[in-house]
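Working notes, beginning with the structure itself.
The values are calculated or read from the model by the stated rules, or taken from the named source; none is laboratory data. Predicted model, so just to flag it, every value in this text is computed and none were measured. Cβ placement follows ideal geometry from the backbone for every residue including glycine, while neighbour counts extend to all protein chains displayed.
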Amino acid sequence: MAGQDVSALKDVFEDDFLIGGALNRWVVMGRDAGAAGIAEKHFNTATAENDLKWQLIHPWPDRYNWEPADNFVAFCEKNEMVAIGHCLVWHSQTPRWVFQDTAGSPLTREALLAHMKDHIMTVVGRYKGRIKGWDVVNEALNENGTLRNSPWLRIIGEGAEDKQYDFIEHAFRWAHDADPNAELYYNDYSLESSKAKCDGAVAIVRHLKSRAV
């Protein structure tokens with residue numbers, strides 16, 4: 001209640017689960033003092049809301065924008081929060097150059113895989129041992145549980161059923177190579193409410209396990 005001191009949620013539930021949320025750069029830098037105070041008191045984990053997404057951290061082929069992500073990790077360490085990275089491979093908020101050449105034509109499978117590998121190895125490698133877990137692949141499923149027709153699928157999967165999970169498999173393998181001790185996640189929404197979509201996520205997991213990922 002307003003005006004009353006309350007126990008920190010991270011302490012109340014310390015034997016049950018972690019408490020946290022997605023933090024943006026304004027919270028991390030203290031520009032939203034109210035939200036920062038709540039996070040510092042109640043959270044023992046935090047996810048980077050935007051600053052680890054490809055568009056912001058790697059806007060051009062030869063340029064990485066590390067400062068906002070560095071600030072997020074430092075904030076988590078200062079406040080003893082488990083840091084979670086979001087996200088490495090997504091169809092949205094990814095620069096066009098990742099998927100296209102300078103003429104605007106789609107890249108080859110090999111060229112796109114090279115972009116993916118460089119990005120994952122560089123970003124995950126920079127925060128090795130500091131970011132506990134990564135949303136490796138984000139929202140790759142349609143509502144009916146099939147794989148989204150993204151450039152990742154079209155180019156790397158090449159439309160072949162036996163290659164449809166290739167981009168997901170490569171992403172997880174490279175993330176593990178970059179930090180063998182990090183927890184690696186597939187992230188999506190509505191998995192708890194849509195059986196079809198949940199079944200699609202289960203199919204991804206089964207494929208990865210069948211490939212010893």
Restricting attention to region 162-200, report how many residues are in a loop (DSSP other than H, G, I, E, B) and either farther than 27 Å from Ala114 by Cα or among the hydrophobic types (A, V, I, L, M, F, W, C) (or both).
7
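Looking at region 57-73, which of the residues that are of a type outside the set (D, E, K, R) and farther than 17 Å from Asp118 by Cβ is surrounded by the most Cβ atoms within 10 Å (Cβ to Cβ)? Steps first, please.
The first filter runs over region 57-73 and keeps only residues of a type outside the set (D, E, K, R), leaving 57-61, 64-66, 68-69, 71-73.
This time we only want the ones that are farther than 17 Å from Asp118 by Cβ, so: 68, 71-73.
Values: Pro68: 17, Asn71: 15, Phe72: 28, Val73: 22.
The selected residue is Phe72.
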Identify all residues within region 119-161 that are farther than 18 Å from Arg173 by Cβ, touching a Leu at 6+ places or on another chain (Cβ under 9 Å), of a type outside the set (A, V, I, L, M, F, W, C) and outside any loop (DSSP other than H, G, I, E, B); write none if there are none.
Pro151
Whether any residue in region 151-172 is modelled with pLDDT of 95 or more, of a type outside the set (Gly, Ala, Ser), surrounded by 14 or more Cβ atoms within 10 Å (Cβ to Cβ) and within 27 Å of Phe75 (Cα to Cα) is what I want to check.
yes
Find the residue count for region 92-109, including only residues that are touching a helix residue (DSSP H, G or I) at 6+ places or on another chain (Cβ under 7 Å) and surrounded by fewer than 16 Cβ atoms within 10 Å (Cβ to Cβ).
3
Anything in region 173-202 that is over 17 Å from His91 (Cβ atoms), surrounded by 16 or more Cβ atoms within 10 Å (Cβ to Cβ) and over 15 Å from the mean Cα position of the chain (by Cα)? List them, or say none.
Leu191, Ser194, Cys198
